[in-house]
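Engineer: I'd like to ask some things about the structure below.
The values are calculated or read from the model by the stated rules, or taken from the named source; none is laboratory data. Treat the numbers as computed from the prediction; the structure is a model and nothing was measured. Every residue, glycine among them, receives a Cβ derived from its backbone with ideal geometry; neighbour counts consider all protein chains shown. The accessibility values were calculated without ligands, DNA or RNA, using every heavy atom of the protein model including side chains. Shrake-Rupley method; radii C 1.70, N 1.55, O 1.52, S 1.80 Å.
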Amino acid sequence: MICSGAGVSAAAPVSLRRRRCLCGGAGVSAAAPVSLYRRRCLCSGTGVSSRLPVDDRGRAHGTTDIISGEHGDACVGCGFDANAGKRLWKWASLGDCLSENTGLRRLSLAWNSIRGRGAVLLARGLGANIFLRALDLSFNGFGMEGSAALGEALKDNNTLEDLNISNNRLPPAAALLLAAGLAVNKTLKSLNMGRNPIHSAGCYAVLKSLQGNPRSGLETLGFAHIVVNQDFEDLYATVKEILPALVVNHGGKTGTFRIKQK
């Protein structure tokens, strides 16, 4: 996870593995492990704390309280384990806090089993957020429902620049739903949709949406491990004339590796 915020460099990496957080920032060694307290991590502007603020009854505040900045701490990162995605209320609360947050710039929620209704609630919060620049949602299960909500969020959001939704079990129809947002969005610069079963048809739909949006800011479009066909390649050549800065990466073209029969 990448963190940014008061007193911490935007380039400081935060890694979440088995309830441990590695943070780099002012006065903190990037190699120093910080234990998570009840599966939560608080990164403050001047250092890293493994304890959460407590109220007058001695109860620890939740992750979403920290994100919303209600306790004066500069929240620059948060971590959830895989079980968190199974608790709908957590994603609903996080979505609400994302819509109101004014400090978080980069957030990773990869590998959190976010799916179904939870994905929808989280995406709604993204639509209202006006500060987040990069969001990593890879290795979840957004599927059709999440893709539809993300498409709507991209219509409203005008600050997000980097979105990673690779490995999210997206079928071709989900790409169509996401494309609806890309047809309107003007700020997104990098979109990673690699390792999703959207096939060439889904890739084509996404690229087609950019053809109708000459004001799109997209510069990098990732379809890693997805094989495309000649129709996609032809469309890409056309879109390049409209968006010359756009670079598309994919898993190769159909027929490229065929062995010629004698």
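Engineer: Ordering Phe131, Phe142 from largest to smallest accessible area (1.4 angstrom probe), what's the sequence?
Structural biologist: Putting Phe131, Phe142 in descending order of accessible area: Phe131, Phe142.
Engineer: Continuing with the same structure: In what sequence, largest accessible area first, do Glu241, Glu161 appear using a 1.4 Å probe?
Structural biologist: Glu241, Glu161
Engineer: Another one. Length gain on complete extension for the stretch Ala173 to Thr238, per 0.36 nm per residue less the alpha carbon to alpha carbon distance?
Structural biologist: 21.1 nm
Engineer: Compute the distance in nm between two label points, each set 7 Å from the Cα along the Cα-to-Cβ direction, one at Met144 and one at Ala224.
Structural biologist: For Met144 paired with Ala224, the spin-label model returns 2.8 nm.
Engineer: Compute for region 101-222: radius of gyration divided by Kirkwood radius, i.e. Rg/Rh, restricted to C-alpha atoms, rounded to two decimals. Mind dumping the intermediate values first?
Structural biologist: Values: Rg = 12.8 Å, Rh = 13.8 Å.
Radius of gyration relative to Kirkwood radius: 0.92.
Engineer: By accessible area of protein heavy atoms, probe 1.4 Å, what ranking do Asp96, Asp136 get, highest first?
Structural biologist: Largest accessible area first, the list is Asp96, Asp136.
Engineer: Turning to a different aspect of this structure: If you count only protein heavy atoms with a 1.4 Å probe, what accessible area per residue comes out for region 95-225, rounded to a whole Å²? Intermediate values should be presented prior to the final figure.
Structural biologist: Details: 4990 Å² over 131 residues.
For region 95-225, the solvent-accessible area averages 38 Å² per residue.
Engineer: Determine the share of region 119-211's accessible area contributed by carbon and sulfur atoms, expressed in whole percent, with a 1.4 angstrom probe. Intermediate values should be presented prior to the final figure.
Structural biologist: Details: 1780 of 3200 Å².
So the carbon and sulfur contribution to the accessible surface is 56 percent.
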